[in-house]
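Trainee: First, the structure itself, so that you have it in front of you.
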Amino acid sequence: MSSVSPRPRTICIVVGEESGDLLGSELILALKGRLGDTVTYCGVGGERMKAAGFKSFFDMSDIAVMGMTAVLARLPMIVKRVYQTVAGVIAAKPDVLIIIDSPDFTHNVAKRVRKRAPDIPIIGYVSPSVWAWRSGRARKMSVYVDELLALLPFEPEVHERLGGPRTHYVGHPIIERVDRFRPKDGERTPVSSEKKVLLVLPGSRGSEVDRLLADFGSTVSRLAARFKDLEVLLPAVPHMVERIRRDVADWPVKPEIVLGEEAKHAAFRRAHAALAASGTVSLELALAGVPMAICYKLDWFYRRLKDLNKVVQIVSATSMVLPNIILGRNVVPEFLDDEVNADRLEPVVADLLTDSEARREQIEAFGDLDHLMRLPDDRCQSAAAADVVMECLERRDNTGR
């Protein structure tokens, strides 16, 4: 049991996008259960965190960008907000600073806070993908991150091996809502039936859709010639709907555009296979038992660097697909850059829409994910994260650091 004193405290949290806002809001609620209402929560956050009683220094949308291209386009504003956030944190004199994901922004804040106020403990929540991109970041993080909360079970070992900060696996939010997208009896028709249901997931950001949707459309065209009763479901975020509708207007099989989390989960429960952009969605698909082919096209900036061989060790993992990395074997096929084309994709996806060995191999492997990802005592993620924050506060009470 924690011996943290109930005195008034200030906790600063800095996030940079919607997923971080969700993690931050759940963490605030978990901490309120431990610390009561004597804590001031401030920093940079979104609407969910504000609803939990958080005060944001500015609107999070100013810095909610992803990818090198988008960051460069918004760089003057991001730099301004970095310094504003650092000044706000220093003025708040928090008991702890928690940075959540969005390393282009949050880690620049943490580095500057560490230089100006080295006595403020800093917790990182969500590890950058040091196992896939630029592994040297792990050791650099250890200078300004005291504790790291990881969402993936293999990340503590990775950081220990790479000289990163002390890392705690606190679980992944997906595992707590797996029942929402895992089919119940009768929801997914047998794969032996004539009706085939294909999920197409080109990503939630405009840049991802730009790079992938045309090739996905060519692949669907070829699959439609092979499977006469093919249904295509395409989950989309609201701000991308009209754009996607225009882009899929000439597909031979018109996708049903799926809106909202509930409808998306229902689509997962019905699907026989998926063609998807790389990302967290691959974990959702795996836990839903949907065999998949995963595609990724690098941002033009990183691709140019790779082509010119000017970056050492851009990619260090043997796979970019999260289920593959967690399982420790590459059961999900992945396609990078020029490999993303209908010639390569169509036969692979077609195989997954039938009762093939490749399909059975994926489904069997996915059965191992639950026990690999669940916390030993079935704690929820926010509670596990709050435990580490409480330990940090207790240590600060006892040692001043």
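The values are calculated or read from the model by the stated rules, or taken from the named source; none is laboratory data. Here the structure is a predicted model, which is why all the values come from computation and not from measurement. Here Cβ is always computed from backbone atoms with ideal geometry, including for glycine, and neighbour counts include all displayed protein chains. Side chains included, ligands, DNA and RNA excluded: accessible areas come from the protein's heavy atoms. Shrake-Rupley method; radii C 1.70, N 1.55, O 1.52, S 1.80 Å.
Trainee: For the stretch 317-392, what number results from the quotient of the Cα radius of gyration and 2.2 N^0.38 Å?
Mentor: With N residues counted in the stretch 317-392, Rg over 2.2 N^0.38 Å equals 1.54.
Trainee: Quick one: what Rg and Dmax do you get for the stretch 103-167 from the alpha carbons, in Å?
Mentor: 11.1, 33
Trainee: Please calculate the 1.4 Å probe accessible area of ASP210, with all protein chains present, and give it to the nearest 10 Å².
Mentor: 100 Å²
Trainee: Once fully extended, how much extra length lies between LEU22 and ASN398, figured as 0.36 nm per residue of separation less the alpha-carbon to alpha-carbon distance?
Mentor: Extra length from LEU22 to ASN398 when fully extended: 132.3 nm.
Trainee: Here's something else I'd like to know. Give me a comma-separated list of calculated 3J(HN,Hα) values for the stretch 109-126, in order, Karplus coefficients 6.51, -1.76, 1.60 applied at θ = phi - 60°, integers in Hz, x for any Gly or Pro.
Mentor: Result, ordered by residue: 5, 4, 4, 6, 5, 4, 5, 7, 9, x, 7, 7, x, 10, 10, x, 10, 5 Hz.
Trainee: Just to be sure I understand the model, the point goes 7 Å from the Cα along the line to the Cβ. What's the resulting LEU29 to ARG329 distance in nm?
Mentor: The modelled label-to-label distance comes out at 3.9 nm.
Trainee: Find how much the distance from GLU339 to ALA214 grows on full extension, using 0.36 nm per residue of separation minus their present alpha carbon separation; answer in nm with one decimal.
Mentor: Computed gain between GLU339 and ALA214 is 43.6 nm.
Trainee: Averaged per residue, what accessible surface does the chain expose to a 1.4 Å probe, in Å²?
Mentor: 45 Å²
Trainee: Students often check this: by mean Cβ neighbours within 10 Å, which of 355-366, 107-118 ranks highest, and how do the rest follow?
Mentor: Ranking, from highest mean packing down: 107-118, 355-366.
Trainee: What list of ³J(HN,Hα) couplings, whole Hz, do you get for the stretch 356-364 from phi and the Karplus terms 6.51, -1.76, 1.60, once you set θ to phi - 60° and write x for glycine and proline?
Mentor: Residue by residue, the stretch 356-364 yields 9, 5, 4, 5, 4, 5, 5, 4, 5 Hz.
Trainee: To the nearest 10 degrees, how steep is helix 342-352 against the longest Cα principal axis of the chain, on a 0 to 90 scale?
Mentor: Tilt relative to the chain: about 90 degrees.
Trainee: What is the percent carbon and sulfur in the accessible area of the stretch 34-177, measuring with a 1.4 Å probe over the protein chains and ignoring ligands?
Mentor: Summing carbon and sulfur atoms, their accessible area is 54 percent of the total for the stretch 34-177.
Trainee: Starting from the Cα gyration tensor of the chain, multiply each eigenvalue by 5, take the square root, and state the resulting semi-axes largest first in whole Å.
Mentor: Calculated on Cα positions only, the semi-axes equal 39, 23, 20 Å.
Trainee: Let me ask something else. Which order do you get for GLU187, GLU231, GLU242, GLU284 if you rank them by accessible area with a 1.4 Å probe, largest at the top?
Mentor: Ranked from most to least accessible, the order is GLU242, GLU187, GLU231, GLU284.
Trainee: Using a/c under 1.5 as the rounded threshold, could you call the stretch 185-264 rounded, prolate or oblate? The axes a ≥ b ≥ c are square roots of the C-alpha gyration tensor eigenvalues, and prolate needs a/b larger than b/c, oblate otherwise.
Mentor: Verdict is oblate for the stretch 185-264.
Trainee: Please list 152-158, 31-37 highest first by mean number of surrounding beta-carbon atoms within 10 Å per residue.
Mentor: Packing proxy ranking, top to bottom: 152-158, 31-37.
Trainee: How would HIS168, HIS371 rank on accessible area, largest to smallest, probe 1.4 Å?
Mentor: HIS371, HIS168
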